[in-house]
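For reference, the structure is listed below as structure tokens.
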Amino acid sequence: MNRLAEELARFCDTHRLEEKIFVSPSLAIGHQIAETVVREGYPWINLRIETVHTLAHSMIETQLVQEGLRIVSRAQALAMVEQTCLRTLTPGGYFGKLRDQPGFHRALKATIEDMRVAMVSPRTPMAELLENSRKGHEIQIMIRVYENSLAENHLVDHVEILRRALEKVKAEDKRISTNGFFLIPESLELSSHERDFLERLASGRIHVLAADDPSAWNARALPVQILSALGEENEVREVFRRILGRGIEADRVEVLYTDPTTYLPLIYELGAQYGINCTYAEGVPVVFSRPGQAVLGYLAWLGSDYDVSNLSRILAADVVDLRKAAGNENPPGPVRAARVLRDAGVGWGRERYLSCLNDLMRVYRERERTDLQDSEIPRDREFHSKQINAVTAVRSFVQDLFTLTPVPDTQGRVALSELALAAALLVEKFSRRADELDGMASMALRGLFEALSSLPAMRIGFLDAIRRLREAVGNAYVGAQTPEPGYLHISDFRTGGYSGREYTFILGLDESRYPGTGLQDPILLDHERRVINEQIAPQRLSLLGQLPQENTVALRACLARLRGRITMSYSCRNLIEDREQFPAPFLLDIYRSLKDDPATDYTALRSAIGTPAGFIPSQTTYLDETEWWLSRLKELGRPNEGIAAMVRAVYPWLAHGYHAQAERISDRFTVFDGWIKDTHGEIDPRLNRVPVSCTEIEALARCPFAYFLRYVLEVEPPDDYGRDPTVWLDAMAFGILLHEIFHSFMAEITAREEKPNFTRHWERLRAIAEECITRWRHRMPPPNLAAFTTQRSHVFAACYTFLKDEEIHCQQGTPRYFEIPFGLPGLESAPPIGSPDPVSIDIGEGKDFMLRGRIDRVDHKGRDEYEVWDYKSGSSRNILEEKQLNRGRQIQHALYARAVEILLARVQKQGRVTRSGYFFPGLKGEGQRIAKPQDTLALEKVLGTLFGLLRDGIFPYAPDPDFCGFCDYRCVCKGPEKANAQTQMKLENRGADGNPFEPMRRLMDCDD
Ligand code: SF4
């Protein structure tokens, strides 16, 4: 036992039946000391653990209830400081420029609290005391306004509770216990008011318990070990390894840290990963819980202008419970729910969600109707009903979120209290609670938000309100516990070391963390605090520049009260920044003390510590399989084939991957490069008769491998709704919009037997464009007005170019058919030549295939002559005028020419296409037209070669980086450079393998 516990045991022994009130720095510490005493065989009775605050609070509890007063929370205090700044500071004042800065509010809150603890009141003449009287004046006003806000909101802080209790005890000369002894550790730090309160309360029955002297921290020959580690994670791992490796029961160990921000998450996560039970003196951050993650995700969603990826993330992470939204006990699973949002194509923006989800619901219902018309299979019904249930639940969830989320006013402001209430409702209604931590976090968060929502409505910027709530959630901890049997106890070194456990590990003793830096308070500097202290003596404000000295004393006091074995550690490397870290000077002091040699230096210390702990355990204790394998590899020396074979033998999937990689980098074309042997013609459209589109054929010609992923395996990248604030419609949507405008306009004037004429039709074309733009704007709200205006002007520019060019172009012919679908049964067929059936394209040697598609425009040129045109909204860069088919990468014009002749014949019209090409009315296309001659033989040769790839199942990477362009599959092939070089190498190998690459070589030889 340490000295304090011994003293307590002795007093309890000599005053067995009398009431004893042990005044401890905290209830948790007091209980730990009292339990240590019992555990060591000194039973006690009639001992009560209290703190100054609990004593003060219990004295005025009734008064607080009668006056309807509540204790202010940290988040409420911060909100009130912000209100104070907004109310009192003016732009021209001393702190004026900082009045809406979050960092300033945080610092000011700490300063005000310091001043209140030191009983600096609004009456303290700050303007006179500080060099800058404006500054002093503003601080004085802010203290007064803050105190008024506490009163207005019926809130009290601990300072007020102590003040009231002191007043009461003075007035009544009241002792809380007539015969009790007040046992006060000599190490207990008390302000003069606290001391006054205790002395009056105890009326002379104070007994001071001696504690270990911090200055004598090295007086005992401590069995201290020092270890270093490569990074903080390995530091924690090594502690766990040592505990497990030495078979030490968890409840004989206490782990202390210097830096909660770094070590608490690491200990929590590694402890959970390896099933090591821990109690946490400070509790666990609520952000580790599902309710914490749900509310952070919700706030991130609001703060990103409702970016769907943030909402999808919390659905996919399974931190929200959709049962209430689904209205039944079978809500969609997390992945299905997240996929609904993706499939709805929302992207971002509050306005888009419900309309997009309604559209998706319509699509799902339509699919259900058409799919189930002929199907009696129950599985099909189940599939569709799950889809519809998922959209219903997600839609209802989103609707509820919108209902509870306040809408910012025209100045972009909301009441913080309303947003806090929304967050509280989210936690209550939708956060998933799967374990004890979730339950505690849910309660804590609701309490936190309800406290904030009880404040008067203060309107602040929407993003500021979100940031405020995020900060409050980030600072919330739950589940603080005292040591428990079977659990490691984890604590900060300043409040730890009271458990009386035999083993103590102290982490984070590198010089960057300990003893810390003595940064002064930016609001009230230390020299100003000193001046104030002279005025308010015997009270005193703490001097923040003295933090390192205070930390040094705290660690010495901690060491002085510890018994048993101590291990101190530090991280000798910052793995993120890849730089060395050094031990804290305190470790050198320890080492000198151990060696009893004040001249020992860091070199000796480091050599005594030895090799730092890393990812490979030095002992035979492994936290997981990875550590075991790494240590085997280290034991056997440099990796060699024997070891690799051993690993592959244990992990067949690794063996498979290893083989695949070896095959890929060989010069042979193998199944791992995209070769499906024995396709039996299943993917050759000449044999399977499945209609194909020009887009698919051109994709095959560009890169067979990408084609294989997209059209054979049907692997599609997730839709990217990444937001570009400068763009309203992406290239595809912009193209569809232009097509709609041109189609409506041409169909309308052709029905009146008119030809395009700029003078006559410009206003009408503009009106049609405006209608289409309005419709699209409703469907896809733009991110901002600037993006919308820019793209709107691009649409009008394209319309201008279109009409000007068409006026000239149509002098030589008559536009006849528009947007003609064929082989697309879902689309309404445009009379008279559109058709739900695909067309059969003859490719010579008695073979054909079925083509489907949609032709933008057919013009009648003479008796039986026609032209085919395709509108392109982008630039003409990718259509090479001098290339006829460009090895199949530009084949649409040739195939559509054939298709039109067949479609005309189907409706008994004679017709021959004499010209087929592309028209570029957009800004980048500058009105260019590119038409290409028809060459039947070249077309048949290219198609025969391409379909040969499908027949033989050959899907290599594109042979040339120029073919790749923008490609969604770069992450699969590892990028064009590598992929193209690999294909070239395999193309050049004309050796064995039955020449599987032959169709690819033939394609490369198609030089048009
Ligand atoms: S990036 Fe890769 S997958 Fe995409 S086209 Fe190029 S080679 Fe093919």
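The values are calculated or read from the model by the stated rules, or taken from the named source; none is laboratory data. These numbers come from a predicted model, not from an experiment. Counting neighbours? That spans all protein chains shown, and the Cβs are built from the backbone with ideal geometry, glycine included. Protein only, heavy atoms only, side chains kept; ligands, DNA and RNA dropped before computing areas. Shrake-Rupley method; radii C 1.70, N 1.55, O 1.52, S 1.80 Å.
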Residues whose placed amide H lies under 5 Å from that of L227, excluding near-sequence neighbours | M568, S569, Y570
Restricting to lysines and to Cα separations under 23 Å from K324, and discarding same-chain partners fewer than 8 apart, the set is K386, K429
Between A210 and H158, what length comes free when the chain is fully extended (0.36 nm per residue of separation minus the Cα-Cα distance, one decimal in nm)?
-> 16.0 nm
Could you work out, for the stretch 906-1008, what percent of all Cα-Cα pairs fall into each 10 Å distance bin, beginning at 0 Å and stopping at the bin that holds the largest distance?
-> 12, 27, 31, 21, 8, 1
Using 7 Å Cα-to-Cβ label points, what is the L190/R365 separation (nm, one decimal)?
-> 7.4
Give me the percent of the accessible area of the stretch 760-850 that comes from carbon and sulfur atoms, probe 1.4 Å, all protein chains in place.
-> 53
For E19, the residues 5 or more places away or on another chain with a placed amide H closer than 5 Å to its own amide H are F181
Compute the length gained on full extension between Q273 and W653: take 0.36 nm times their separation in residues and subtract their Cα-Cα distance, giving the result in nm to one decimal.
-> 134.4 nm
Enumerate the amide H contacts of V72 below 5 Å, restricted to partners 5 or more residues apart or on another chain; note that Pro and chain-start residues carry no placed amide H.
-> V156, D157
Long pairs among K804/K861; K941/K978; K109/K170; K883/K924, criterion Cα-Cα beyond 26 Å = K941/K978; K109/K170
So if R0 is 30 Å, what FRET efficiency would R246 and E18 give, r being the distance between their Cβ atoms, rounded to the nearest 0.05?
-> 0.10
Dmax and Rg, reported as Rg then Dmax, of the stretch 653-706 (C-alpha, Å) = 14.7, 40
Round to a whole number: what % of the accessible area of the stretch 1-118 belongs to carbon and sulfur, probe 1.4 Å?
-> 53
Label-to-label distance, nm, for residues given as L354 and Q520 (7 Å Cα→Cβ offset) | 5.7
Stokes-Einstein D for the stretch 1-107 at 37 °C, 0.692 mPa s, Kirkwood Rh over Cα pairs, in µm²/s?
-> 185
Label-to-label distance, nm, for residues given as D596 and E428 (7 Å Cα→Cβ offset) = 6.8
Run the 1.4 Å probe and let me know the accessible area of Y306, rounded to the nearest 10 Å².
-> 10
Rounded to the nearest Å, the spacing of the alpha-carbon centers of the stretch 499-533 and the stretch 269-340 is 35
Name all residues of the stretch 1-40 having a backbone nitrogen under 19 Å from the label point set 7 Å from the Cα of N179 along its Cα→Cβ direction, giving them as ranges.
-> 11-22
How much length is gained on full extension from V335 to R912, taking 0.36 nm per residue of separation minus their Cα-Cα distance?
-> 202.5 nm
Using the Kirkwood radius over Cα pairs, work out the Stokes-Einstein diffusion coefficient for the stretch 292-344 at 25 °C and 0.890 mPa s, in µm²/s as a whole number.
-> 219
On the protein heavy atoms, probe 1.4 angstrom, tell me the percent of accessible surface of the stretch 268-409 carried by carbon and sulfur.
-> 48
If you average 1/r over all unlike Cα pairs in the stretch 550-707 and invert the result, what Kirkwood radius do you get in angstrom?
-> 22.9
Could you tell me which of S875, L636, L299 has its Cα farthest along the dipole of the chain towards the positive end, charges placed at Cβ (Lys, Arg +1; Asp, Glu -1), taken about the Cα centre?
-> S875
Over the chain, with neighbouring protein chains present, the accessible area per residue in Å² at probe 1.4 Å is 47
Average Cα contact separation per residue, the chain, under 8 Å, 6 or more apart, as relative contact order % = 11
Radius of gyration and maximum dimension Dmax of the chain, Cα, Å | 38.6, 123
Computed curve, the stretch 417-473, Cα-only Debye sum without solvent term, log₁₀ I(q)/I(0) at 0.20 Å⁻¹, is -0.70
What percent antiparallel are the DSSP beta bridges of the chain, to the nearest 5?
-> 40
For the stretch 1-56, the dipole about the Cα centre with charges only on Cβ (Lys and Arg +1, Asp and Glu -1), to the nearest 20 debye, works out at 20
Only helices counted: for the chain, with every DSSP H run of 4 or more residues adding -39500 (n - 2.57) and the sum spread over all residues, [θ] at 222 nm is -16000 deg cm²/dmol
Rounded to whole angstrom, the alpha-carbon centroid of the stretch 37-78 lies from that of the stretch 415-472 at a distance of 27
Burial ranking of peptide ranges 283-290, 973-980 (average Cβ count within 10 Å, highest at the top) | 283-290, 973-980
Counting only protein chains, not ligands or nucleic acids, how are T750, T611, T983 ordered by accessible area (probe 1.4 Å), most first?
-> T611, T750, T983
